[in-house]
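Note sheet for the following structure.
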Amino acid sequence: MTEKSTRKIAIEKGEMTYYTGKPCKHGHDSPHYVTGGGCVQCGKARTIAERKATKEAIRKARAKNGSQLK
């Protein structure tokens, strides 16, 4: 893992993430984003879930309409 830091120090250094050494509320021991302070692993998991939901919605729309959405 990286060196412990604070959000303020990371902002001053121009970094995108910082590591507190403490797990997030979901238990991930991961760096946090400077913008918003969210956990990097939580962000990745959220993105994967959103992509899956979007693909499923498109699949359902195609099945319902009988067309190929692009």
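The values are calculated or read from the model by the stated rules, or taken from the named source; none is laboratory data. The structure displayed is predicted, hence computed values, not measured ones. Neighbour counts run over all protein chains shown; Cβ positions are idealised from the backbone, glycine included. When the accessible area is computed, the model is the full protein with side chains, heavy atoms only, and any ligands, DNA or RNA have been set aside. Shrake-Rupley method; radii C 1.70, N 1.55, O 1.52, S 1.80 Å.
Going through region 1-19 one residue at a time, which ones are part of a loop (DSSP other than H, G, I, E, B) and within 16 Å of the chain's Cα centre (by Cα)?
Let us first name the residues in region 1-19 that are part of a loop (DSSP other than H, G, I, E, B), namely 1-3, 5-6, 14-16.
Answer for region 1-19, where residues must be part of a loop (DSSP other than H, G, I, E, B) and within 16 Å of the chain's Cα centre (by Cα): just Met16.
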task = Go over the candidates Ala10, Ala45 one by one and state the one that is touching a strand residue (DSSP E or B) at 6+ places or on another chain (Cβ under 8 Å) and small (Gly, Ala, Ser).
result = Ala10
query = Counting just the residues of region 5-14 that are surrounded by 16 or more Cβ atoms within 10 Å (Cβ to Cβ) and not hydroxyl-bearing (Ser, Thr, Tyr), which one comes out farthest from Gly38 (Cα to Cα)?
reply = Ala10
key: Single residue of Ala53, Ala63 found to be hydrophobic (A, V, I, L, M, F, W, C) and surrounded by 10 or more Cβ atoms within 10 Å (Cβ to Cβ)   = Ala53
message = Can you report the number of residues in region 20-62 which are within 13 Å of the chain's Cα centre (by Cα), in a helix (DSSP H, G or I) and of a type outside the set (Ser, Thr, Tyr)?
response = 11
ask   = If we keep just the residues of region 26-50 that are open to solvent by 70 Å² or more (accessible area, probe 1.4 Å), touching a residue at least 12 places away in the same chain (Cβ under 8 Å) and not polar (S, T, N, Q), which is farthest from Ala10 (Cα to Cα)?
value = His26
